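Asker: Following this message is one structure expressed as structure tokens.
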Amino acid sequence: MKINSVRALIIVGFSIITLTLIGLFLPTILKKDNEIQYASEAKLGIPFELIDSNGNKITEAAFVGSPSVLFFGFTHCPSICPLALHRLSLLIESLGKDQNRLNAYFITLDPERDTWKVLNNYLSSFNNRIIGITGDSKKIKALAKSWGIYSKKVPLDGENYTIDHTSLIFLLKNNGNFLKSIDFEDDFELSLEEIKKLL
Amino acid sequence: MKNVKKQLSIFFVIFTIFIANSTAHEYKIGNLKILHPYIIETPPGAITAGGYMKIVNTGNQSYNLAAIVVGFAKAAEIHEIIMENDVMKMREVKGGLEISAHGSVELKLGEYHIMFMNLLKPIIKGEIYEGILYFEKAGNIKVVFTVEKMGFKLEDNN
């Protein structure tokens, strides 16, 4: 009887200690899990030397120092690219003063037609934080591939062609690492939150 | 076949010039109602643009939007955007766009659209952009495309 009482006491005691320990460490364990999920960043992309929409040389260094958003597209694209750039412009404008801490790049997948001057003109109707990137087509191809962008030329009637391409907007941390992607069709407020987290 | 269609359409362009038409944003041809044809304003230097509208069929048979002819672009085709694993693909809708009996089709951003290629003049609000839509079985109709800002949605407007 006595032995049983002692045993019960030990069990209860151990249970209390175990539960307390779990209670104490649970937030840390969960937080760690969250952090791990959150820090699913990846080093993507290769070094490059291309031309920006102001006619200046641009390299991978542009993606470091401030967080960035990247979008790959082409100016002959009739709806998705302007739609994505429009969405991006609205998102940038919603950041208010903080927008100066975010860089945005529109990388053409059609450098043959999209010279820096074409990009400069085209981008003038969107938020001026969005800088175009073009240059040698082989370098562009390699850069797009290194970011996991699918891109394929598809002939249309005559000499026209369109380009099938990944239409996600990439969010990069200030170390240039890929953090996550958003879609131009995503909920606006959620996308805005994701961008704010970068800043 | 396509050339024949194009020639036919060009004939109808000339033909319809002589027919009085309305400039309202709703058109009727037989059992078909065409609601608010519009083009989304293009960024400077763009040489392609998308044309949109809603087509409602109140008839007992299906109709086919087979061709579009405009004076402000070298070519106009019906295209469709297909999203596949985050990849955007644009394809011509071969054989025209079907509007089923008692059905409707909305051409809108990111889905079906009239793809205007090699624009002969930029798309600017305030300018007039006319086109001829040719429907098999219903004939053709001249429409005016209004110019709308990016983000415009037809349902907000109705």
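The values are calculated or read from the model by the stated rules, or taken from the named source; none is laboratory data. Because the structure is a prediction, the values reported are computed rather than measured. In this analysis, Cβ positions are derived from the backbone assuming ideal geometry, glycine residues included, and neighbour counts consider all displayed protein chains.
Asker: Hey, could you check segment A:119-144 for residues that are small (Gly, Ala, Ser) and away from chain B (no Cβ under 13 Å) and say which is surrounded by the most Cβ atoms within 10 Å (Cβ to Cβ)? Spell out the reasoning first.
Answerer: Residues of segment A:119-144 that are small (Gly, Ala, Ser), as a first pass: A:124-125, A:132, A:135, A:137, A:142, A:144.
Next, only the ones that are away from chain B (no Cβ under 13 Å) stay: A:135, A:137, A:142.
Working: A:Gly135: 21, A:Ser137: 13, A:Ala142: 12.
Within segment A:119-144, the match that is surrounded by the most Cβ atoms within 10 Å (Cβ to Cβ) is A:Gly135.
Asker: Quick check on segment A:132-140. Is at least one of its residues in a helix (DSSP H, G or I) and β-branched (Val, Ile, Thr)? Steps first, answer last, please.
Answerer: Start the filter on segment A:132-140 by keeping residues that are in a helix (DSSP H, G or I), which leaves A:137-140.
Adding the requirement that they be β-branched (Val, Ile, Thr) leaves A:140.
Checking segment A:132-140: at least one residue is in a helix (DSSP H, G or I) and β-branched (Val, Ile, Thr).
Asker: Looking at segment B:78-107, which of its residues are facing chain A (nearest Cβ under 9 Å), surrounded by 13 or more Cβ atoms within 10 Å (Cβ to Cβ) and in a loop (DSSP other than H, G, I, E, B)?
Answerer: The answer is B:Asp86, and nothing else.
Asker: Right, something else. May I ask you to say which residue of B:Thr16, B:Thr23, B:Thr58 is modelled with pLDDT of 95 or more, surrounded by fewer than 21 Cβ atoms within 10 Å (Cβ to Cβ) and among the hydroxyl-bearing types (Ser, Thr, Tyr)? Spell out the reasoning first.
Answerer: On the way: B:Thr16 fails: modelled with pLDDT of 95 or more; B:Thr23 fails: modelled with pLDDT of 95 or more.
Matching residue, one of B:Thr16, B:Thr23, B:Thr58: B:Thr58.
Asker: Restricting attention to segment B:108-127, which residues are in a loop (DSSP other than H, G, I, E, B) and within 12 Å of chain A (Cβ to nearest Cβ)?
Answerer: B:Lys108, B:Leu109, B:Gly110, B:Glu111, B:Pro122, B:Ile123, B:Ile124
Asker: Enumerate the pairs (first residue in segment B:78-98 and touching a residue at least 40 places away in the same chain (Cβ under 8 Å); second residue anywhere and small (Gly, Ala, Ser) and surrounded by 15 or more Cβ atoms within 10 Å (Cβ to Cβ)) with beta-carbon separation below 6 Å, excluding pairs fewer than 6 apart on the same chain, so at least 6 apart or on different chains.
Answerer: Pairs that qualify, where the first residue is touching a residue at least 40 places away in the same chain (Cβ under 8 Å) and the partner is small (Gly, Ala, Ser) and surrounded by 15 or more Cβ atoms within 10 Å (Cβ to Cβ), are B:Gly96/B:Ala66.
Asker: Take the residues in segment B:61-71 that are buried (at least 20 other Cβ atoms within 10 Å of the Cβ) and not small (Gly, Ala, Ser), then tell me which one is farthest from the other protein chains (Cβ to nearest Cβ).
Answerer: Result: B:Tyr63.
Asker: With the structure loaded, tell me whether A:Ile195 is more than 10 Å from chain B (Cβ to nearest Cβ) and within 13 Å of the chain's Cα centre (by Cα) or whether it fails that test.
Answerer: Yes, satisfied.
Asker: Looking only at segment A:47-93, which residues are among the polar types (S, T, N, Q), surrounded by fewer than 21 Cβ atoms within 10 Å (Cβ to Cβ) and under 27 Å from B:Gly50 (Cα atoms)?
Answerer: A:Ser89
Asker: Only residues that are facing chain B (nearest Cβ under 9 Å) and crowded, with 21+ Cβ neighbours inside 10 Å: list them for segment A:102-118, please.
Answerer: The one that is facing chain B (nearest Cβ under 9 Å) and crowded, with 21+ Cβ neighbours inside 10 Å: A:Val118.
Condition check ((1) of a type in the set (Gly, Ala, Ser); (2) closer than 30 Å to B:Gly45 by Cβ; (3) at pLDDT 90 or above) across all residues:
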site	(1), (2), (3)
A:Pro27	no, no, no
A:Asp33	no, no, no
A:Ala42	yes, no, yes
A:Ile58	no, yes, yes
A:Pro67	no, yes, yes
A:Ser79	yes, yes, no
A:Leu88	no, yes, yes
A:Gln99	no, yes, yes
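Asker: Hey, among A:Asp157, A:Asp110, A:Asp114, which residue is under 20 Å from A:Thr59 (Cβ atoms) and touching a strand residue (DSSP E or B) at 6+ places or on another chain (Cβ under 8 Å)?
Answerer: The conditions single out A:Asp114.
Asker: If you don't mind, another one. Out of everything in segment A:146-192 that is hydroxyl-bearing (Ser, Thr, Tyr) and within 14 Å of chain B (Cβ to nearest Cβ), what residue ends up being surrounded by the most Cβ atoms within 10 Å (Cβ to Cβ)?
Answerer: The qualifying residue surrounded by the most Cβ atoms within 10 Å (Cβ to Cβ) is A:Ser167.
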